[in-house]
1. Identify, by number, the condition in (1) away from chain C (no Cβ under 12 Å); (2) under 23 Å from the mean Cα position of the chain (by Cα); (3) more than 30 Å from residue C:142 (Cα to Cα) that residue B:169 doesn't meet.
2. Among the residues of the range B:74-91, are any at pLDDT 95 or above, closer than 30 Å to residue B:160 by Cβ and assigned to a helix (DSSP H, G or I)?
3. Specify the residue that is farthest from residue A:204 (Cα to Cα); the eligible residues are those in the range B:126-143 that are part of a helix (DSSP H, G or I) and within 9 Å of chain C (Cβ to nearest Cβ).
4. Checking residue C:196 against (1) more than 14 Å from every other protein chain (Cβ to nearest Cβ); (2) outside any helix (DSSP H, G or I); (3) aliphatic (A, V, I, L, M), which test does it fail?
5. Does at least one position in the range C:139-149 carry a residue that is among the basic types (Lys, Arg) and surrounded by 17 or more Cβ atoms within 10 Å (Cβ to Cβ)?
6. What about residue C:55, is it more than 17 Å from the chain's Cα centre (by Cα), in a helix (DSSP H, G or I) and buried (at least 20 other Cβ atoms within 10 Å of the Cβ)?
7. Quick check: anything in the range C:3-15 in a helix (DSSP H, G or I) and free of Cβ contacts under 8 Å to residues at least 40 places away in the same chain?
8. Just checking, does the range B:106-115 include any residue being surrounded by fewer than 24 Cβ atoms within 10 Å (Cβ to Cβ), facing another protein chain (nearest Cβ under 8 Å) and either part of a helix (DSSP H, G or I) or in contact with a Lys or Arg (Cβ under 7 Å, 6 or more places away or on another chain) (or both)?
Amino acid sequence: MNILILLDFAGVAVFAATGALAASRKQLDIVGFVFLACVTGIGGGTFRDLVLGHVPVTWVRNPEYLLICAATAVLLYFTAHMMESRYRILLWLDAVGLAAFCAMGAAVGLKATGSPAIAIVTGMATATFGGILRDVLAEEKSVLLRPEIYVSAAAAGSALYTIADAAGAVPGLSALLAMALAFAIRGGALIFGWTMPSYRARAGRNEAELLRDGIVSPPPGQSR
Amino acid sequence: MNILILLDFAGVAVFAATGALAASRKQLDIVGFVFLACVTGIGGGTFRDLVLGHVPVTWVRNPEYLLICAATAVLLYFTAHMMESRYRILLWLDAVGLAAFCAMGAAVGLKATGSPAIAIVTGMATATFGGILRDVLAEEKSVLLRPEIYVSAAAAGSALYTIADAAGAVPGLSALLAMALAFAIRGGALIFGWTMPSYRARAGRNEAELLRDGIVSPPPGQSR
Amino acid sequence: MNILILLDFAGVAVFAATGALAASRKQLDIVGFVFLACVTGIGGGTFRDLVLGHVPVTWVRNPEYLLICAATAVLLYFTAHMMESRYRILLWLDAVGLAAFCAMGAAVGLKATGSPAIAIVTGMATATFGGILRDVLAEEKSVLLRPEIYVSAAAAGSALYTIADAAGAVPGLSALLAMALAFAIRGGALIFGWTMPSYRARAGRNEAELLRDGIVSPPPGQSR
């Protein structure tokens with residue numbers, strides 16, 4: 001599983017970098033950089049470990065994960081201002097991390113449970129939860145709600161991992177195939193604005209419209 | 001405990017439906033529907049399992065929970081646009097899920113610990129965390145902060161479960177009583193705008209007022 | 001470890017009070033007060049217990065933690081309106097809780113793993129996660145993103161705990177030193193607006209500017 005461990009380290013580092021870039025956009029101090037880098041870098045894996053019952057979680061047993069996050073955060077702290085477009089770089093690093101983590105998460109889930117359905121879900125969760133936590137904590141526009149394909153890329157990569165595994169591929173090969181597919185899909189979405197072919201329902205009414213249309217009640221104390 | 005398992009499946013399905021409706025309001029793609037449906041449908045139970053130490057969590061041991069969420073999401077994906085008021089339907093399905101899950105959560109908590117206090121808390125948490133996660137991830141107005149009764153309905157249902165259990169009722173009956181009470185309270189709150197009888201303190205000052213009144217400092221680099 | 005248990009109770013109570021004050025600012029009802037008080041009071045410790053594999057988590061084994069939160073919430077429910085500046089009081093109580101919890105979290109992490117790196121992280125996480133959860137759920141301006149020193153105070157306290165412990169101090173003394181340092185730093189930040197000495201990169205572009213500068217794509221259906 002050496003290539004999987006490498007993948008995991010790489011995924012942690014690039015997700016940590018996206019957390020540090022979000023910290024830079026919010027002008028946090030160096031400890032804020034380290035904090036957001038850790039949350040983003042190890043958030044997805046922490047969730048995966050918890051639901052599978054792998055405790056103490058990976059980074060408690062292997063503190064080098066924290067060191068990778070911290071080192072990445074310190075590096076970005078001194079270099080983020082040199083980048084022309086931190087948000088674009090954040091999105092691309094997030095795509096690399098998404099690809100690495102959907103393969104890694106699917107591999108761990110499949111090994112732990114033998115269930116392809118669980119493997120796909122742990123792959124998707126590992127790949128997306130770090131970025132979702134980052135966006136919630138940094139009050140960034142959620143990558144989950146952006147129009148281009150995001151979760152779907154992780155789902156496709158995780159699914160390909162389980163298919164390749166069922167077809168007899170070794171974990172390293174399955175992981176590389178899964179990563180390549182997830183990165184190709186997410187990268188295409190970033191470049192070309194790919195969205196899923198879909199019926200596009202109308203957007204939800206906002207709070208003011210819900211009030212006007214009588215769907216929700218006004219707060220007590222106002223005239224009804 | 002057959003009726004409890006049925007309740008659990010029903011609660012998962014209706015919460016998954018509220019997640020899918022939130023996805024529809026945000027015009028997500030079909031994988032976004034499935035993602036939000038899963039988070040909302042199994043979020044509360046996941047939290048309950050984790051704090052009680054029931055790992056791997058329920059949906060890892062029984063992947064049919066995921067299939068229920070995914071099937072509900074796909075169904076809603078093709079039908080949500082036919083609904084006149086998705087937000088109102090979301091609130092009512094959320095009420096059904098709240099009622100089912102406060103009974104289920106209290107039953108699991110009581111069985112695991114024997115403590116009524118813990119049972120009430122696991123009931124409340126199971127009933128509300130899925131919806132809270134949905135609102136945070138979909139950037140919807142939080143159901144927790146709406147003026148009408150919400151958490152209180154789950155608290156009342158969970159408390160009734162522990163009382164009925166202490167009075168010697170079988171789990172199925174305790175659960176039905178708890179559900180009926182929680183749904184009656186939350187439903188009444190939705191129809192009539194019920195709020196708890198309460199002293200209503202003034203609202204908090206917002207950030208601009210906090211700055212003006214000198215309660216928080218302006219960001220460095222601005223004149224003080 | 002008697003002083004550590006006292007610290008823990010004190011930290012839970014003051015964090016619970018900050019949750020209740022946030023509930024007051026949002027004009028929630030009494031169950032909303034209790035809910036936010038519990039989330040804030042036990043959120044950090046719950047995360048710490050989960051990642052270390054200490055399950056059932058502390059408050060499930062010792063329901064008196066819940067009673068402390070609930071009692072604090074009820075007390076604040078009847079007295080919050082008497083306070084002139086609830087937000088300022090919230091920030092100061094949060095500082096007390098941060099100091100108590102970074103010491104407590106570092107002590108638990110060090111005892112469980114023997115690793116100073118893990119102890120610093122569990123100290124920081126225990127000290128900050130309750131407040132972060134409170135701000136996300138109450139839709140308050142995140143204390144994490146405020147300009148003055150916050151996470152750094154918890155990091156410094158946790159680090160001092162591990163240093164004092166390595167130097168042979170008993171847990172109670174290490175904890176008092178850690179608390180004093182963390183509270184001094186955070187208190188100074190609140191009074192004097194202290195920020196970390198730092199290169200201050202430019203703020204991130206917002207969504208409109210990202211669109212204008214071509215860094216993100218417009219939603220499909222609009223002209224490109």
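The values are calculated or read from the model by the stated rules, or taken from the named source; none is laboratory data. As the structure is a computational prediction, the values presented were derived from the model and not from experiment. All Cβ positions, glycine included, derive from the backbone under ideal geometry; neighbour counts span all protein chains shown.
1. Evaluating residue B:169 over (1) away from chain C (no Cβ under 12 Å); (2) under 23 Å from the mean Cα position of the chain (by Cα); (3) more than 30 Å from residue C:142 (Cα to Cα) leaves (2) as the failure.
2. No, because not a single residue in the range B:74-91 is at pLDDT 95 or above, closer than 30 Å to residue B:160 by Cβ and assigned to a helix (DSSP H, G or I).
3. B:128
4. (1)
5. Yes, the range C:139-149 has at least one match.
6. No; evaluated as a whole, the condition is false for this residue.
7. Yes, there is a match, as at least one residue in the range C:3-15 is in a helix (DSSP H, G or I) and free of Cβ contacts under 8 Å to residues at least 40 places away in the same chain.
8. For the range B:106-115, residues surrounded by fewer than 24 Cβ atoms within 10 Å (Cβ to Cβ), facing another protein chain (nearest Cβ under 8 Å) and either part of a helix (DSSP H, G or I) or in contact with a Lys or Arg (Cβ under 7 Å, 6 or more places away or on another chain) (or both): present.
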